[in-house]
Amino acid sequence: MTTTPGDIENTTDTADTADTERAVCRRLVGRTAVVTGAGSGIGLASARRLAAEGAHVVCGDVDETRGKAAAEETGGLFVQVDVTDPEQVEALFRTAYETYGSVDVAFNNAGISPPDDDSILETGLEAWRRVQEVNLTSVYLCCKAALPHMRRQGKGSIINTASFVARMGAATSQISYTASKGGVLAMSRELGVQFAREGIRVNALCPGPVDTPLLRELFAEDPERAARRLVHIPAGRFARAEEIAAAVAFLASDDSSFVNATDFLVDGGISGAYVTPL
Ligand SMILES: NC(=O)c1ccc[n+]([C@@H]2O[C@H](COP(=O)([O-])OP(=O)(O)OC[C@H]3O[C@@H](n4cnc5c(N)ncnc54)[C@H](O)[C@@H]3O)[C@@H](O)[C@H]2O)c1
């Protein structure tokens, strides 16, 4: 079957073996999407989803093995990149343009949340700076590198991964992480406003907690820690990475053509909740 942008076809969502057949739109045929942190978690699920919707996916990751595997699986291109390095980031977007002829989507998603970033009382300057570099400076660098391509084209969608903690406080603090995500949110809003009349949209994606292997392992060891968080989620569960990826695909596509400069929450209702169901 030949598909054109906007067609809907039934394909198997290979990203989630628990799901049966589901309709996947083909909204990104012919588009090029750069994904940082494509080797794992939200980035990997998004690379899969963007590819399923027809995009050429350029998988950027510092981890060669995982990044290569993601590119192989999605039929895309792997570029090894440390997102804190200006030249490597520049090369990532240049390679995408030289290989596929455009940079339509930049999903600036790579991020870290190391254990030595904790309460402000314990977090040292080195940990603070490391997290700011990887989570915030990297987004500045990626936007700076993507924008000239998008301005030349007169269109583009930039999606920067922030977090629901950019909007809500937590007593289980990771001080530099939270501050970095607040920065991502404010920067995305400003860029979305600045470049709106050039056909470029910039949104901050704010996921709630996602059910990752790491999180599962941590909570298996400490059920009280899991319960303390789960009680705040109206849905009573964490998100699946595929649910975040679906929002990324929406923001990447023309279906979100009037969605710009937002803090796009995908948090299962956490930020709207006062009392949750028993
Ligand atoms: N998992 C959650 O619950 C959650 C919730 C809200 C926001 N987020 C954010 O979503 C993003 C992805 O999180 P995830 O849970 O999928 O993480 P993950 O650890 O599963 O994946 C992150 C990927 O980024 C890569 N990476 C790390 N440092 C890098 C660097 N310097 N250069 C290039 N690549 C680098 C890693 O190799 C890895 O493949 C992060 O920005 C994170 O802060 C996560």
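The values are calculated or read from the model by the stated rules, or taken from the named source; none is laboratory data. Quick caveat: nothing in here was measured; it's all calculated off a predicted structure. Cβ placement follows ideal geometry from the backbone for every residue including glycine, while neighbour counts extend to all protein chains displayed. Heavy atoms of the whole protein, side chains included, go into the accessibility calculation; ligands, DNA and RNA do not. Shrake-Rupley method; radii C 1.70, N 1.55, O 1.52, S 1.80 Å.
At-a-glance table
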| item | result |
| --- | --- |
| Net dipole in debye of the chain [+1 Lys, Arg Cβ; -1 Asp, Glu Cβ; about Cα centre; nearest 20] | 860 |
| Candidates Phe264, Phe93, Phe219: whichever shows maximal mean-square fluctuation once the chain is modelled as a Gaussian network with Cα springs under 10 Å | Phe219 |
| Hull volume in cubic angstrom per residue (convex hull over the Cα atoms of the chain) | 137 |
| Whole-Hz couplings from phi, Karplus 6.51/-1.76/1.60, listed for the range 128-142; x for Gly and Pro | 3, 5, 4, 5, 4, 4, 6, 8, 10, 4, 4, 6, 4, 5, 5 |
| Cα centre as origin, Lys/Arg/Asp/Glu Cβ charges: the range 127-167 dipole, Debye | 120 |
| Shape category assigned to the range 128-254 from the gyration tensor of Cα positions, a/c cut at 1.5 | prolate |
| Euclidean distance between Cα centres, the range 218-265 to the range 48-86, Å | 22 |
| Two-site label geometry, Ala273 and Lys155: point separation in nm, points 7 Å out along Cα→Cβ | 3.9 |
| Charge dipole (the chain, unit charges on Cβ, about Cα centre) - positive-most of Ala51, Thr137, Leu191 | Leu191 |
| Gaussian network model of the chain, springs between alpha carbon atoms under 10 Å - residue of Arg94, Arg216, Arg129 with greatest fluctuation | Arg216 |
| The chain: angle of helix 241-252 to the longest principal axis, Cα-based, in degrees nearest 10 | 40 |
| Relative contact order computed over the range 58-132 (Cα-Cα under 8 Å; 6+ residues apart), in percent | 20 |
| Cross-link partners of Lys181 among lysines (Cα-Cα below 20 Å; sequence separation of 8 or more within a chain) | Lys144 |
| Accessible solvent surface per residue of the range 115-192, calculated while the other protein chains remain in place, 1.4 angstrom probe, Å² | 47 |
| Tyr177 accessible area, 1.4 Å probe, all protein chains in place, Å² to nearest 10 | 50 |
| Amide H within-cut-off set for Leu265, under 5 Å, with H built and near neighbours excluded | Cys206 |
| For the chain, built as a Gaussian network whose Cα springs stay under 10 Å, the top-fluctuating residue of Val184, Val105, Val266 | Val266 |
| Residue-span extension gain [Ala235 to Glu217] - 0.36 nm each, minus C-alpha spacing | 4.4 nm |
| Accessible carbon and sulfur surface of the chain relative to its total accessible area, %, 1.4 Å | 54 |
